[in-house]
Amino acid sequence: MTRPLTAAQRRLIEAADPETGRLKGTEAQLTALVKRGLAFRHPRPPHDHFLTPAGHRAREARSEPPENEPQAPASAGGVFTARVGGEPAPPAEGPSRTREVRSAWQGMLELRRMTNPDASTDRPCAWERTHLLQAAALALEATGHRPAGAADGDDGYQVRETPQPDAVAVYAPDAATLRGCAETLEGAGWQAGEYTEPRTRRRYVLASPRRV
């Protein structure tokens, strides 16, 4: 079980710059947040620390009033997980999930701005290139695409690994939805094209993070 934040850690997160997520604190405090996945140390001098998408969500959760609705169950380790589609136990839908997804996407754009060499937010950053499934799924879910429900469901998108180390495959229940997924990923900085599986004749989108 994930340890709760200490009072000092909560104060640090709440005091972060609302626009950039920049943190101020002792080296030990900042390192502790990094270990918990709530902050990252910028690779360029002066090596300031900033909130990660998870850190932004932790701050937003502290600032929003409770609501009379079922809460989405925390994923493994208490870390937000984008819907890839077909999960056997997906999180509950509702306003809480919508806020989590929105906050995660805003945090991702900030991570792009802080870690891409040219501060660009229109193409994926290094984290996304090493977490392809989650990155592609977040771009789709944040834009309102519906993920598939049951493990074999065909009522929404499904993001799956491919033999290519830098690409994912996206499946959808119909041609219009598949085309919409491709357009969304292209708008989020991915290269996306539609293909047909030779044996099953099933259409899919092959997507990889754009580098330039």
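Data overview
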{"item": "Hits in the stretch 1-29 - residues which are within 25 Å of T81 (Cβ to Cβ) and not in a loop (DSSP other than H, G, I, E, B)", "result": "Q9, R10, L12, I13, E14, L23"}
{"item": "Number of the exception - R160 against (1) charged (D, E, K, R); (2) modelled with pLDDT of 90 or more; (3) out of contact with any Phe, Trp or Tyr (no Cβ under 8 Å at 6 or more places or on another chain)", "result": "(3)"}
{"item": "Tabulated pairs, the stretch 88-102, first under 15 Å from H56 (Cα atoms), second at pLDDT 85 or above and surrounded by 14 or more Cβ atoms within 10 Å (Cβ to Cβ), C-beta under 7 angstrom, 6+ apart or interchain", "result": "V101/E141; V101/A142; R102/A142"}
{"item": "Candidate set from the stretch 185-212 (those that are in a strand (DSSP E or B), of a type in the set (S, T, N, Q) and out of contact with any Asp or Glu (no Cβ under 9 Å at 6 or more places or on another chain)); member that is surrounded by the fewest Cβ atoms within 10 Å (Cβ to Cβ)", "result": "T196"}
{"item": "Long-range neighbours under 7 Å by Cβ, at least six apart or interchain, first residue without any contact (Cβ under 8 Å) to a residue 60 or more places away in the chain and more than 18 Å from P173 (Cα to Cα) within the stretch 184-198, second assigned to a strand (DSSP E or B) and among the aliphatic types (A, V, I, L, M)", "result": "E186/A192; Q191/A207"}
{"item": "Selected residue [surrounded by fewer than 13 Cβ atoms within 10 Å (Cβ to Cβ) and assigned to a helix (DSSP H, G or I)] from A182, A135, A176, A119", "result": "A176"}
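The values are calculated or read from the model by the stated rules, or taken from the named source; none is laboratory data. All figures in this text were calculated on a predicted structure; none of them were measured in a lab. All Cβ positions, glycine included, derive from the backbone under ideal geometry; neighbour counts span all protein chains shown.
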